[in-house]
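What follows is one structure encoded as structure tokens, with my remarks underneath.
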């Protein structure tokens with residue numbers, strides 16, 4: 001079990017529409033038990049038994065442009081978990097949207113999870129204001 005959180009807001013850039021990328025974030029991890037966080041926005045299972053975990057991610061984001069649609073996902077070992085998808089629309093350039101992602105995932109030793117996002121409108125960027133990612 002364990003979690004990580006964002007220590008400073010960060011811009012996530014998109015190279016193309018509907019192309020998910022790992023959410024850019026400088027994160028700090030806390031409360032780690034049989035979990036490590038060797039890099040930003042990544043939790044790695046270090047236990048020896050394969051187990052199912054409950055994953056929760058919550059975040060708030062902004063965009064400088066109006067009417068932008070974003071999708072957010074949990075990725076396991078670089079692969080999207082489609083059941084984790086959540087979508088958001090930011091109506092104006094001053095909107096701040098918040099969302100929560102929940103799912104269950106089976107993890108074996110050294111499997112990892114991350115938060116990814118896609119701009120489903122165009123390739124404009126978004127700023128992640130807050131981010132928390134936890135597994136239990």
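FYI, it's all coordinate maths here, none of it is from the lab. Note that the structure is predicted; figures quoted are calculated from it, not measured. Using ideal geometry, Cβ is built from the backbone for each residue, glycine included, and neighbour counts are taken over all protein chains shown.
For region 89-131, what are the residues that are closer than 20 Å to residue 58 by Cβ and free of Cβ contacts under 8 Å to residues at least 40 places away in the same chain?
89, 90, 95, 96, 97 - these are the residues of region 89-131 that are closer than 20 Å to residue 58 by Cβ and free of Cβ contacts under 8 Å to residues at least 40 places away in the same chain.
For region 40-88, enumerate the residues that are free of Cβ contacts under 8 Å to residues at least 40 places away in the same chain and farther than 29 Å from residue 121 by Cα. Talk me through it step by step, then tell me what you get.
Residues of region 40-88 that are free of Cβ contacts under 8 Å to residues at least 40 places away in the same chain, as a first pass: 40, 49, 66, 76-79, 81-88.
Within region 40-88, just 49 meets the criteria.
In region 100-115, is there at least one residue being surrounded by fewer than 18 Cβ atoms within 10 Å (Cβ to Cβ) and more than 27 Å from residue 38 (Cα to Cα)?
Looking for residues that are surrounded by fewer than 18 Cβ atoms within 10 Å (Cβ to Cβ) and more than 27 Å from residue 38 (Cα to Cα), one finds none in region 100-115, hence no.
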